[in-house]
Structure formats: structure tokens, C-alpha cells
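Here is the structure we will look at, set down as C-alpha cells.
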Amino acid sequence: MAAAWPELEAAARERRRELSLPGAAVAERVAAGGGRLPAELLALPLLQSLELSGCAALRELGPGLAAALPALHTLVLSGNALGPAGLGAGLGGPLPALRLLDLSGNGLEALPAALGGPAAGAAPEGPAAFPQLRSLNLSGNRLRELGPGLAWAAPQLQALLLSGNRLRALPGGLLPSPAAAAFPLLSRLEAADNEVVELGADIAALTALKSLDVANNQLKELPAALADCPRLKEANFKGNQLKDKRLEKMVNGCQTKAILEYLRAGGRGKGKGESSREEARKKKREKQQQKKDDGEQDEVEEASKLLVKVLHVSENPAPLVVKVSPGVKDVRAFIVCCVLKGVNLKPGSALKRFLSAQTKLHEDICEKRTAATIATHDLQLIRGPLTYGVQPPDELKIMPLGRKEIKAKDLLRQLQLEAEEQRKQKKRQNVSGLHKYLQLLDGKDNYPCLVDAEGVVISFPPITNSEKTKIRKDTRDLFLEVTSDTSLQICKDVMDTLILKIAELNRFTLENREDSGSDNESDALCGPVNLNPSQNVQAMNLPLVVEQVRVVDTDGNLKVLYPSKTDLTTVSSLLTVIR
């Protein structure tokens, strides 16, 4: 008789998004099930976070895990007894929403095929298996080498943790050809306590690398190419038997900047002396000047940093709350909201830049609104609490942007006719991508909507928000909303990017000191901000304030809090968040 799993029954009954199974408590049941996860787990399609760690009996995930849990964004399986075969059965398919995968302490000698292991073969065709994976922890295993398949399986990887394995070369076979196309976002690489005898010059291909840890290996020299890693700020080379004693002294003193300067100036880790005392003095002067220049540059960068301060719910005397009705789960289940205060849209073309940036985000990260939709509102025109629910198409009424009040079904019909007319004018076979989001509501008995305390529909995603809460030049405080029928994590990623973009636009406006103008002024390009710290740095460093907004169910139970302590990390290299 199969062992009972009351934890899984409760998770199914309560439609939980998170599940943590303490390994020691379930080890006996896992062993009774042949060392694999129970089949009941596959009946939890809403699950977004799963942890089962410290279970020595767990040897297999069981077949079909990836297909059954497509919404997973966090999977922690540390300290078990999983091998590549046992992992491969469960990770045999893509996990499109997965952002964190922890396989540390499993005794893996090779990666499963899904992560680009030996069985993966050549470069796979089709989309990546883990397109959103940001953090992969493989520490404490028995890996001797990593193949280039990982770069194809997880192209967005930001942190790769490999400490405590048996690697002998780094990056070794990790980088495919061309290496320049691999891991464009990888900023943290840890490979301490391995058997690394060679740190290859191709480490410079990791252009986003900020932190490198190769302590306690068998390195005898460091490649000059380390100086070509443009963003490297922290490096740990301790515990290696370096030939160059001068370099070793820098390493033991944790002088990352000095190490890189030394390598850049010609130090190769081979103990070569200077050609003359004069040359030594010259290099010393150059280093001092470089140090001074770098210090000034650091001050400029620090002064120019975009700042955002998070106001927690507990610190807010009147926090805004969004209540979610059960009906949205079958229509458009995911919503993330927050309040942003301190935006300056009055000068010049600031408002047009703001609207243009929102349009660009809809086209890019929102995939023409098919992945997610953004709505921005003037906070002063909203009466809380808000309700995110559904209404029949012939009952839902909204005043769309730039239009008169209309029923949702009639608005959708109008937009479809306009899209069809545009298709005919441009002589296309299909409706343009710009209008594909209209199809997301096809066949729906109810449409999603966000309603304020006075019963006013302020948003009808993914179609439009309301003219009544429209952003204007004198708007200072915003209510931001992102919805999706795909995943909660996509909503958070889009919101992170939206806040970053607004912070950039706010800085641009302050720097350029535009005069007030009409909304009809020509728009400016929303490109990278050219920072000039001499222009009223103090004013520019006043942070935008992001107020947390709680999304709760009808009983008041928390569903989402944004921004949480783990949010805004995807834009952390460009944004300083004061929590």
C-alpha cells in the first residue's frame, strides 16, 4: 500500500503555490516509494516553489515533473542522493518559468541532459529548456567537467555555484564556440575547493562577471586576461600556490583592484622582475594615477547611481490593498502592483518619454502584451481598496484611454475591426503582432478587470486602462499594475524593469532641466542616460519611493507582496534599492 502524503493533499486542497518537504520527515515514505518523489506531486500544477532537501533516500524525481509543474520558478533539491539519471527523468522537459535551481550536495558526477550534460549531444534545436534560469547551485557534487550545453540550456544565467567539486579547468569546456555568445548575464562564478590547475584566458569572454571565487585550488599562475573582465570587482584566489610571490601577497590581502592592475601592467604570475628601477618607479606612478582615476570614477558612479527606497507595509499608515476574486484564475490569474512616488512628468517632453517607454516595454519584455500587460494610473484618482475580478463582457463598462465609456464586448469588437482594417491597408495575411493580444480573450465567458472602491473599472487587461485614472503632467504619484495569464514571475520581472525605466527617465528629466511644455512636444529617445554628476547631484539622488502593495484573496490571505526582499534583484546592477 502506498504511503499517504497529507502535505500534498493539503497543498492540492488549498491550491498552494509553495511547498517545502523536510527531508528527514519524509525519508521513510520516499524510500517506500522506490527513492522517488510521490506521484501526487504531479497533481499540483499551480506550484511555483518546491523544496525537498536533506533526504538521503531521494534518488529519482520520477517521470514528468517538468511537464506537470510548468509554473515552477524555484526548485531546491539539495543534500539528497540524486544522480544524472534520477534527475533526467523529472527534468526531461522545459521549465520555462524556473529562476532558481539548487542541486547542491547530491554527489552528481555529470549533469543531466536537460542541463547540457554529456547525453545532450550537440547544440539543441528549438527554445532553451530553462530560458528564465538565473541561479544554478551545483556545489558539493563530484563534477569533473562541464560541457557547453549549459550555455544553451540556461542562456540567462546570472549566478553559477560550483564549489566543492572536482573541476580541473575553468571555464574549461563550459564555453561553447563562439564563447562571446555564452552567458551574457553571468555575474557570479564560484568554484572554490576544486582541483583547478588552469584558469583559462577565455574567462574574459564572461563580460558581465563581477564576482569570481577560485579559492583553495591548484593554480600556479593567473592569466593576464583577467584584467580584460570589464566588470570584475571581487575575486578570491586564496589557497593557491602561486609562483609569483608578489602576486600572492596581493591575493592574501584581498586586493582585487591591485591584482588586476598588476596583470594589466604585465604581471603574468611567473615571478619576473622589473627591467630597471626607473621602469619600476614609472609603473608605480602609473598605478597611483590609475588608482586616483579609478577612485574618481567610483565617486562619479556612486553619485550617479539611481536610487529607489522601499516603504514597507508596516511603515505605511494607509497601505493600498488589492483583493482578488476566485474567478480570475481561469481568465488572467496573475497580478503584481505597487505605488511609486516622486515622479516628475511636468517638464518638457517628460510625459511623452514616459508613455513612449511604456509602449516599448509592451513590445519587448511583454512580447506585444501576450506575456504580460502594464497599466499605469494616477494614484490621486484611485479610491482603495481595489478589487481584481471578472465581469461578463456585456456588463463590464470602462472609459478607455481617449474614448467614451463603452461595454467591454463592444470595445473589443471595435479594436478587432480596426486591426483588420490596418491589416488590409498594409496588405498582410495576418493581423499584426501589435494586435495579437486581442486574441487572448477569445472564448472567455468573463473578462478581467480592476475596480476601485467606488465601483469604477480602472483597468481592463490586456486591453486598456481607464481615462479616469490617466497619467498627466502634474501626476507625481503612480499606481503601477502588471498582469499576466502566464506566470507570477513574469509580472515581477516586468515590474522590476518598469521601475528601473521610470527611475532612468526621472534622472534624465532632472539632468536636462527642461522647461514646462505641452504634451504635443516631440518625444526624445529613451536610451541610456548620460550621467553628469556636476549637475545638482544632490537633487538627482533623491530616491523614488516604492510603496509595497499587498494582493490578498477574499479571506484576506496574502497572495503576493511587491516588492518583497527578493524583488528588484534583476536590475540591481543599475539600481540601488534602500530597503
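Read-outs throughout are calculated quantities, based only on the coordinates presented, and are distinct from any laboratory measurement. The shown structure was predicted, so the numbers you read here are calculated from the model rather than taken from an experiment. Methodologically, a virtual Cβ is constructed for each residue, glycine included, from the backbone with ideal geometry; neighbour enumeration extends over all protein chains shown.
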note = Expressed to one decimal in nm², the mean projection of the alpha carbon convex hull of region 433-481 is 4.8
task = Quick one: check the C-alpha center-to-center distance for region 135-180 versus region 72-120, whole angstrom.
result = 13
task = Could you check the simple spin-label distance between ALA25 and ALA39, using points 7 Å along Cα→Cβ, in nm with one decimal?
result = 2.5
query = Taking every eigenvalue of the Cα gyration tensor of region 1-88, multiplying by 5 and rooting it, what semi-axes result, largest first, whole Å?
reply = 18, 15, 12
remark   = Too long for a 19 Å Cα-Cα cut-off, among LYS341/LYS470; LYS404/LYS444; LYS210/LYS257; LYS220/LYS245; LYS368/LYS565, are LYS404/LYS444; LYS368/LYS565
task = Just report the Cα centroid separation between region 472-507 and region 14-56, whole Å.
result = 35
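Say R0 is 41 Å: what FRET efficiency, to the nearest 0.05, do GLU195 and ALA67 get from their beta-carbon distance?
The formula returns an efficiency of 0.65 here.
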ask   = What is the extension gain from ARG246 to ALA225, computed as 0.36 nm multiplied by their sequence separation minus the C-alpha to C-alpha distance, in nm to one decimal?
value = 5.7 nm
request  = Any chance you could run the full-extension gain for ARG144 through THR554? It's 0.36 nm times the residue separation minus the Cα-Cα distance, nm to one decimal.
outcome  = 142.4 nm
key: Relative contact order (%) - region 150-242, alpha-carbon pairs under 8 angstrom, separation at least six   = 26
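Between their Cα atoms, which of LYS468/LYS492; LYS397/LYS436; LYS329/LYS352 are more than 31 Å away from each other?
Checking Cα-Cα distances, LYS329/LYS352 exceed 31 Å.
Quick check on region 393-501: what are the equivalent-ellipsoid semi-axes from the Cα gyration tensor, as sqrt(5λ), descending, whole Å?
On the way: eigenvalues 119, 71, 49 Å².
Taking √(5λ) for each Cα gyration eigenvalue gives 24, 19, 16 Å.
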task = Round to the nearest 0.05 the FRET efficiency obtained for ALA56 and ALA4 when R0 = 22 Å and r is the Cβ-Cβ distance.
result = 0.55
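Quick one: compute the contact order of region 20-92, relative version, from alpha carbon pairs under 8 angstrom and 6+ residues apart, as a percent. Show your work: numbers first, answer last.
Values: 134 pairs, mean separation 25.4, N = 73.
This gives 35 percent for region 20-92.
What FRET efficiency comes out for CYS254 versus GLU315 if R0 is 41 angstrom and r is the Cβ-Cβ distance? Round to the nearest 0.05. Present the calculation step by step, with values, prior to reporting the outcome.
Working: r = 37 Å, r/R0 = 0.89.
With a Förster radius of 41 Å, E is 0.65.
Tell me, what does the Kirkwood hydrodynamic radius of region 305-413 come to in angstroms if you use every pair of distinct C-alpha atoms? Can you show the working numbers first?
Details: mean 1/r = 0.0589 Å⁻¹.
Value: 17.0 Å, from the Cα pair sum.
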